[in-house]
2 protein chains.
Amino acid sequence: MYTFDELQTLVQENMNKENFIEEPQKLFEPIDYILEDGGKRLRPVLMLMAINLYKDNIEEFMKPAIGIEIFHNYTLLHDDVMDDAELRRGRETVHKKWNSNVAILSGDAAAITAYLYLVSSDDKYLRSSIDTFNKVAMDVCKGQQYDMEFETRMDVTVEEYIRMIELKTGALIAGSLKLGSVFGEASEKEQDMLYKFGMYLGVAFQLQDDNLDVYGDVETFGKKIGGDILCNKKTFLLITAMNLANESQKSSLDSLLSDSNISDEDKIEKVTALYNEIGVREIANKEITKYIDMSIDLLNNLSVSEDRKGILLNMVSILKDRIY
Amino acid sequence: MYTFDELQTLVQENMNKENFIEEPQKLFEPIDYILEDGGKRLRPVLMLMAINLYKDNIEEFMKPAIGIEIFHNYTLLHDDVMDDAELRRGRETVHKKWNSNVAILSGDAAAITAYLYLVSSDDKYLRSSIDTFNKVAMDVCKGQQYDMEFETRMDVTVEEYIRMIELKTGALIAGSLKLGSVFGEASEKEQDMLYKFGMYLGVAFQLQDDNLDVYGDVETFGKKIGGDILCNKKTFLLITAMNLANESQKSSLDSLLSDSNISDEDKIEKVTALYNEIGVREIANKEITKYIDMSIDLLNNLSVSEDRKGILLNMVSILKDRIY
């Protein structure tokens, strides 16, 4: 059995061996650029972990695993144009380093590259893998659409928010695990279980990410603290705070959200203070725990020997221990 | 055997029956908008014609045919953002009617929709069809990249230009015909022949389009005459004119291309006069004839009965008669 770290190294080594640049070079250079910037390689690692539940020979599936990572980076590339983001993992985004047209077209080429890598596996996996991938790809688009629509809405519910992150973040993680079970030749029932496991995990990750944006420290989080607060992003924390605020808290929150003269530091400090008063962090932690526990339940019910499940269970337990 | 017109009607009727809009509606409305605007449905018609060379039951393949049309429209959607085009077939482009983010994300969703339609055919066609489609999709991206790079280059050769239109325009037409032969269960040799036939046809179409931009009339062309001249587009005509111009013609052409004060009418008139003097229209017509004749040769060599080939041959002859 491979550990998480071993798989991460294996994915990275195999990505280093790939040559993503062909002619016309300017089309492929931005793809190479976004793929070389590190990142956790979470999705391919999870796919390989799912294969490893059922098979020892996982290296046969390295290309589709890399395809999933390429697809993930394609969505980041286009999302960064739409959000006009300046930095991604500490480096200039593609549309800032080059321009929007480059980000659009190289993103398109990255999406097709992802398909090329995905279908490089044996024909017997083709129908299942392409159908899974197409559905996931469309779900990610839908999630991004909802995310953009939520920017201008003040009445987003917790249910709508969870549905949005299920699509935008959960679907690709769920799809990575399901694809792993397809390549592992698991039964359809087990494929569905791994999809759900990934979905719960993805939602837990995103809620954790929302928490870290407010309560994390810059070093472990990797980006500036309070970014979500500054752009009034309807995260689980903000939606829950608006739902549970008493009248005075609600009016403070409303005026903080609409105050265009307040300094960044002040806004972050005051919104965080309200979050603490209302106790949204604990509610978010409860929600994260709920999703992690549901994912553990699913793992326990997989018809795979306990020692095979061990590494995935261990990974999820570490996640659970890190809730704070 | 179906005629071109019959197939066009059939494709349109089937497209009318499809519901392209699902939740979130704002993601799919622009796709519906660009698909409802007419257009010749050339690519699905050619795919169905290729199937019809080998099979009578073409309706089984209507979904992948529509998928090709969706893919074509996805490329137009993103190209229009990159070119900042205002009009497409007489209607506002998606990024003008909505905005760039809508065009990017709905374009992405359109590309995935194209894949969903393409893979809806029987499993036995899946490997061939997805491999053909992936390659074509990447070629179209490469063509668009070269097209954008040529905008800022003054030394584009005829060979480079032909290669660019092979990728940007030829590949999808060639791919449509090849996919038709895949669904028609033709031999690999015949598949390659139909791919080449489509490539020659695609290049002839694009060269004809370049000619029409200068010598067409607004009604049959569907867009303003002289658009390519106004934006100094390195078409076959301009590249050939620059290659064959004598010193005085070359210096006139150079100053027309760099003159930012000249009126649109004046520029179109004077560049066209130089084209006429140099005789580039006749050279372009010779080139178009060459490509059409090569495509007819390929059709003649297909191992399909003459009456099956008749309709495709007839279509190509009509094209040849229209060269002017």
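The values are calculated or read from the model by the stated rules, or taken from the named source; none is laboratory data. Just so you know, these numbers come straight off a predicted model, no measurement behind them. As a convention, Cβ positions derive from the backbone with ideal geometry for all residues, glycine included, and neighbour counts pool all protein chains shown.
For B:LEU27, are the conditions met, namely being within 13 Å of another protein chain (Cβ to nearest Cβ), under 17 Å from the mean Cα position of the chain (by Cα) and crowded, with 19+ Cβ neighbours inside 10 Å? When the stated conditions are applied, B:LEU27 does not pass them. Restricting attention to region B:268-324, the residues being more than 27 Å from B:SER187 (Cβ to Cβ), among the hydroxyl-bearing types (Ser, Thr, Tyr) and in contact with a Leu (Cβ under 9 Å, 6 or more places away or on another chain) number 1.
Of all residue pairs spaced 6 or more apart or on separate chains, those with beta-carbon atoms under 9 Å, a first member in region A:309-324 that is within 13 Å of A:LEU53 (Cβ to Cβ) and a second member that is at pLDDT 85 or above and hydroxyl-bearing (Ser, Thr, Tyr) are A:ILE311/A:TYR2; A:ILE311/A:THR3; A:MET315/A:THR3. Among the residues in region B:54-63, are any at pLDDT below 95 and in contact with an Asp or Glu (Cβ under 9 Å, 6 or more places away or on another chain)? No; the residues of region B:54-63 include none that is at pLDDT below 95 and in contact with an Asp or Glu (Cβ under 9 Å, 6 or more places away or on another chain). Pairs are defined by a Cβ separation below 7 Å, a sequence spacing of at least 6 or placement on different chains, a first member in region A:122-146 that is acidic (Asp, Glu), and a second member that is assigned to a helix (DSSP H, G or I) and surrounded by 19 or more Cβ atoms within 10 Å (Cβ to Cβ); the pairs so defined are A:ASP139/A:LEU167; A:ASP139/A:ALA171.
Is it the case, given these coordinates, that B:ILE104 is among the aliphatic types (A, V, I, L, M), under 24 Å from B:GLU22 (Cβ atoms) and without any contact (Cβ under 8 Å) to a residue 12 or more places away in the chain? Considered against the rule, which asks whether it is among the aliphatic types (A, V, I, L, M), under 24 Å from B:GLU22 (Cβ atoms) and without any contact (Cβ under 8 Å) to a residue 12 or more places away in the chain, B:ILE104 comes out as no.
Flag set for B:THR75, criterion: in contact with a helix residue (DSSP H, G or I) (Cβ under 6 Å, 6 or more places away or on another chain), among the hydroxyl-bearing types (Ser, Thr, Tyr), within 11 Å of another protein chain (Cβ to nearest Cβ) and closer than 24 Å to A:MET138 by Cα. Residues that are more than 25 Å from B:SER100 (Cβ to Cβ), buried (at least 22 other Cβ atoms within 10 Å of the Cβ) and in contact with a Gly (Cβ under 7 Å, 6 or more places away or on another chain): does region A:75-93 have at least one? No - not one qualifying residue is present in region A:75-93.
Yes/no per residue for (1) surrounded by fewer than 17 Cβ atoms within 10 Å (Cβ to Cβ); (2) within 18 Å of A:TYR161 (Cβ to Cβ):
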| site | (1), (2) |
| --- | --- |
| A:GLU277 | yes, no |
| A:THR289 | yes, yes |
| A:LEU298 | no, no |
| A:LEU302 | no, no |
| A:ARG308 | yes, no |
| A:SER317 | yes, no |
| A:LYS320 | yes, no |
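In region B:107-149, which residues are more than 10 Å from chain A (Cβ to nearest Cβ) and in contact with a Ser or Thr (Cβ under 9 Å, 6 or more places away or on another chain)? Selection gives B:SER121, B:SER129. Is it the case that B:THR169 is of a type outside the set (Phe, Trp, Tyr), part of a helix (DSSP H, G or I) and more than 9 Å from every other protein chain (Cβ to nearest Cβ)? Here the answer is yes, as B:THR169 does meet what is asked. Taken over region B:78-100, residues that are in contact with a helix residue (DSSP H, G or I) (Cβ under 7 Å, 6 or more places away or on another chain), under 14 Å from B:GLU29 (Cβ atoms) and within 11 Å of chain A (Cβ to nearest Cβ) amount to 1. Count of region A:77-91 residues, restricted to those that are in a loop (DSSP other than H, G, I, E, B) and either aromatic (Phe, Trp, Tyr) or closer than 20 Å to A:THR113 by Cβ (or both), is 1. Of the residues making up region A:107-128, those that are under 29 Å from A:PRO24 (Cβ atoms) and part of a helix (DSSP H, G or I) number 12.
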